[in-house]
Amino acid sequence: MLNHIIDLELLSFSDLQEIIQLAGKIMKNPKKYSEACKGKILATLFYEPSTRTQMSFQTAMLRLGGSVIGFDDPMNSSVAKGESLKDTIKIMSGYADIIAMRHPLEGSAKGASLYSSVPVINAGDGGHLHPTQTLTDVVTLHNEKGRLNHLNIGLCGDLKNGRTVHSLIKTMSHFEGNKFILISTPELGVPKYIKDIMDEQGCEYVEIPTLQEAMPLLDVLYMTRIQRERFASEEEYLAQKGVFVLDAQKLSLGKESLKVLHPLPRVDEIDVEVDDDPRCVYFKQAVYGMYARMALILLTLEGAKYSYAKGKVIIDETGCPNPKCITHTEGYMPKEFRKKGNVLICEYCDFQKEL
Ligand code: NCD
């Protein structure tokens, strides 16, 4: 089985520790690693806009002595001529040693991995997951908070469409004593499958409607932008925009030891007036992300295995009801599900359908 990074859920605790430790070592002595990936090629296939993720993957590979190819606008590739994801991936995996892919459809990274002969790293699949942002976040928390457990973690903004939030909850719910404080409008709350994960892990969570009420409770505040591109209409987006804004007055309600993270880009949810507050670490977080990705690329190319079977897979030809699932546009992908109780869970996008 290949070492694709589709969902951090598939990494063991010691895998995660290894990545965090290696990121720390590279940070301390970057020179030692400056030729570690010499002769290797990373392909960055970005079907959706990106600043940090794409550039940090690219600089990560360049700082390891490797090279980079790819596109940041699929319309400059044969995708514009109607090439399928399968064909693009088959070709790219013949050219590159490792692929980082971002795509607007949920489950696209899993779909791509089926056709790749080299490791595929999920750099964001629609509103579903963003595992390397979570690596960035855990490396940030490890360095800035000194621990990954016993944290009150506030998550604020678009918890429905924010893939970084989904990945972060999935990973942090495994650590003892973490509690989530969910701050969103009722329309933008976390999806059911994420609540199920917290319940299964026995991880406490509360929903609090305002930042003011939540602030004094938090060790970590994870702000997110409202994901405009995932709304069905501009009207629906405008109704949600600007509801939660962290400003100096609200930050003053937070603990001295609070750390404020944001995957970025920011729109208007954090006022620039708080940027220089030492508790705001979102710009540092982006730098930690580069080291996290250096560690991940290096370990993956060295042959670390991160894919473990999630369980028995069954085929259900009626397909996935989620219209944003990759299996609809790329109809040749096998309609795989895992059965859990009386639901079938889509192998690609995790959407649950009743049996
Ligand atoms: C995030 C993403 O793409 O999901 N950005 C990032 O990768 N740092 C967050 C966002 O776009 O809001």
request  = Quote to one decimal, in nm, the extra length available between Thr185 and Ser12 on full extension: 0.36 nm per residue of separation minus the C-alpha distance between them.
outcome  = 58.9 nm
Length-normalised contact order for the chain - Cα pairs under 8 Å, 6+ apart - percent = 19
task = Under 15 Å from a label point 7 Å along Cα→Cβ of Ser67: give me every residue in region 26-40 with its amide N that close.
result = 37-40
ask   = Using a Gaussian network model of the chain with C-alpha springs under 10 Å, which one of Pro104, Pro265, Pro131 is most mobile by mean-square fluctuation?
value = Pro265
query = region 70-187: Rg/Rh from Cα coordinates, Kirkwood Rh?
reply = 1.07
inquiry  = Two decimals, Cα atoms only, Kirkwood Rh: what is Rg/Rh over region 180-323?
reply    = 1.03
ask   = How far, in nm, would the chain grow between Arg266 and Glu144 when pulled straight, counting 0.36 nm per residue and subtracting the alpha carbon separation?
value = 41.9 nm
task = Pick out, in residue order, every one of the GluC sites (Glu not before Pro) in region 241-315 that is DSSP loop and has at most 15 other C-beta atoms within 10 Å; say none if there are none.
result = Glu256, Glu302
message = Less than 18 Å from a label point 7 Å out along the Cα-to-Cβ axis of Leu253: which backbone N atoms in region 181-198 qualify, by residue?
response = 181-186
Isolated Cys residues of the chain, judged by Cβ distance under 4.7 Å to other cysteines = Cys37, Cys156, Cys203, Cys280
task = Largest first and to the nearest Å, give the Cα extent of region 175-222 along each principal axis.
result = 29, 27, 14
remark   = Shape descriptors of region 28-75 over alpha-carbon atoms, Rg and Dmax in angstrom, are 11.9, 40
query = Any idea how many Lys pairs in region 291-355 come in under 21 angstrom at the alpha carbon, given 8 or more places apart or on separate chains?
reply = 14
ask   = Hey, any idea what the orientation-averaged projected area of the convex hull of the chain's Cα atoms comes to, in nm²?
value = 17.3
key: DSSP loop trypsin sites (Lys or Arg not before Pro) with at most 10 other Cβ within 10 Å: longest gap in the chain   = 39-311
remark   = Per-residue Cβ contact counts at 10 Å, fewest first, order Ile121, Ile20 as Ile20, Ile121
ask   = Based on the alpha carbon coordinates of region 240-309, what radius of gyration and maximum Cα-Cα distance (Dmax) apply, in Å?
value = 16.9, 49
query = Going by how many other Cβ atoms sit within 10 Å of their own, how do Met333, Met55 line up, fewest first?
reply = Met55, Met333
request  = May I ask you to list the residues of region 100-136 whose amide nitrogen lies under 16 Å from a point 7 Å from Cα along the Cα→beta-carbon direction of Thr329?
outcome  = 101-113, 123-129
message = Tell me the Kirkwood radius of region 292-355: reciprocal of the mean inverse pair distance over distinct alpha-carbon atoms, in Å.
response = 13.6
key: Three-way shape label, region 153-250, alpha-carbon gyration tensor, a/c 1.5   = oblate
remark   = Taking Rh as the Kirkwood radius computed over alpha-carbon pairs of region 96-165 and applying Stokes-Einstein at 4 °C with viscosity 1.567 mPa s, one gets a diffusion coefficient in µm² s⁻¹ of 95
query = What length, rounded to one decimal in nm, is gained on full extension from Val206 through to Ser77, with 0.36 nm per residue of separation minus their alpha-carbon distance?
reply = 41.9 nm
ask   = Once Rh for region 1-58 is found with the Kirkwood sum over Cα pairs, what is the Stokes-Einstein diffusion coefficient at 20 °C and 1.002 mPa s, in µm²/s?
value = 153
Viscosity 1.567 mPa s, temperature 4 °C, Stokes-Einstein D of region 1-153 from Kirkwood C-alpha radius, µm²/s = 79
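Values quoted throughout were computed directly from the atomic coordinates according to the rules given, and no laboratory measurement underlies them. The model shown is predicted, which means the values in this text are computed figures rather than measured ones. Positions of Cβ are backbone-derived with ideal geometry, glycine not excepted, and every protein chain shown enters the neighbour counts.
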